[in-house]
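Report on the following structure.
The values are calculated or read from the model by the stated rules, or taken from the named source; none is laboratory data. None of the values given here were measured: they were computed from a predicted structure. For neighbour counting, all protein chains shown are included, and Cβ atoms are generated from backbone atoms with ideal geometry for every residue, glycine included.
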Amino acid sequence: MIDYQYFRFYLDSEVCPVPFLTNSKRLLELIRFSHTLFALPFALLAALLAWQEQPFRWQDLVGILLCMVFARSAAMAFNRVVDHAIDSQNPRTATRHLPAGLLSRKLVIAFTVICSAAFVLSTLFFLPNWWPLLLAVPVLLFLLGYSYAKRWTVLCHYWLSAALMLSPVATWIAITGDLNWKPVLLAMVVFFWVGGFDVLYACQDFEYDRSTGLHSLPARFGIKTALRFAMFSHQLAVISLFGLWYVAGLGTIFLVGVIAVALLLAYEHWLVRPDDLARVNLAFFQINAIISIGILLIGIADLYIEL
């Protein structure tokens, strides 16, 4: 018989101090699960381009979705564990789940381990292509390594963007077993786009990072110069998008989309100014979500709609 008293004890224990469903909801909040859309659309666009050259397989699509979700969840949860002390001291982050005591450290560590193992196992969907399984652990270590970057380099923003740029490259390798300029250019879009908006986001912690010796571009060079870095990074992202349009032989719909992305990025930089960071969250969350989903949608439209 099932010992329900055991489960009641588990739900009341230090590992799981609140009911299971509440913990699940808080874990999803902890890793900002909804923000998976920042990288997932680029992986899916890489898959759509790869399927122009390789036959579609349902198991590849399932593998892509599972790998993206588990890898990002593991990285975000690990980041929260590593930054627990830092988040506790920063007024902007002190209300996050671990500093506020809404989740236990043991539970988040267990969640990280489970997601990491699930990510590695999810690469089995790509068999008989062994490359995803062989590369799974090195990729995961690189993703987790980002959590320490702010402690020693001002380029920590671009470690994050390099971690996210792996999504289209890994997707392409998983489907085709090789690599060419299409996923590389798409990866460059992600690298410069994410690096730019992470610099914008880091401007909010300018004073705290300086006072505690943490590294970031705003802390090292000041907000005004950091915003210039971000703008230049986004200009390179747009150039990379144009490059993808040309190399992949995409059409008018995608070209119009690239121009729209450029305008949205310009609007983002208009919103965030050195003397006014009040609209950083609007620029970070809403506009970048539109850009991410929008690039995927214009890619689908361009590939499957004939003008």
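When segment 261-307 is limited to residues that are of a type in the set (Gly, Ala, Ser) and not in a loop (DSSP other than H, G, I, E, B), the one that is farthest from Leu186 (Cα to Cα) turns out to be Ala283. Against the list (1) at pLDDT 85 or above; (2) crowded, with 16+ Cβ neighbours inside 10 Å; (3) assigned to a helix (DSSP H, G or I), the condition Asn129 fails is (3). In segment 171-215, the qualifying residues are those that are touching a residue at least 40 places away in the same chain (Cβ under 8 Å) and assigned to a loop (DSSP other than H, G, I, E, B), and the one that is farthest from Pro55 (Cα to Cα) is Leu214. Among the residues that make up segment 85-100, is at least one of them among the hydrophobic types (A, V, I, L, M, F, W, C), farther than 25 Å from Glu207 by Cα, without any contact (Cβ under 8 Å) to a residue 24 or more places away in the chain and exposed (fewer than 13 other Cβ atoms within 10 Å of the Cβ)? No: zero hits.
For (1) farther than 30 Å from Ala174 by Cα; (2) in contact (Cβ under 8 Å) with a residue 60 or more places away in the chain, each residue gets a yes or a no:
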{"position": "Lys106", "(1), (2)": "yes, yes"}
{"position": "Thr112", "(1), (2)": "no, no"}
{"position": "Phe126", "(1), (2)": "no, yes"}
{"position": "Pro138", "(1), (2)": "no, no"}
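Among the criteria (1) under 27 Å from Trp181 (Cα atoms); (2) modelled with pLDDT under 95, the one Arg96 does not fulfil is (1).
Table: residues versus (1) closer than 23 Å to Ala74 by Cα; (2) touching an Asp or Glu at 6+ places or on another chain (Cβ under 7 Å).
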{"position": "Lys106", "(1), (2)": "yes, yes"}
{"position": "Thr112", "(1), (2)": "yes, no"}
{"position": "Ala118", "(1), (2)": "yes, no"}
{"position": "Leu121", "(1), (2)": "yes, no"}
{"position": "Lys150", "(1), (2)": "yes, no"}
{"position": "Thr153", "(1), (2)": "yes, no"}
{"position": "Ala162", "(1), (2)": "yes, no"}
{"position": "Gly177", "(1), (2)": "no, no"}
{"position": "Met188", "(1), (2)": "no, no"}
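Gly249 fulfils the conditions (1) exposed (fewer than 15 other Cβ atoms within 10 Å of the Cβ); (2) not in a loop (DSSP other than H, G, I, E, B) except for a single criterion, (2). Taken over segment 201-222, the residue count meeting the criterion of being touching a Cys at 6+ places or on another chain (Cβ under 6 Å) and more than 15 Å from Tyr158 (Cα to Cα) is 0. The residue pairs whose first member lies in segment 228-257 and is in contact (Cβ under 8 Å) with a residue 40 or more places away in the chain, whose second member is assigned to a loop (DSSP other than H, G, I, E, B), and whose beta carbons are closer than 8 Å, counting only pairs six or more residues apart or on different chains, are Leu244/Leu250; Gly251/Leu307; Thr252/Leu307; Ile253/Ile305; Ile253/Leu307.
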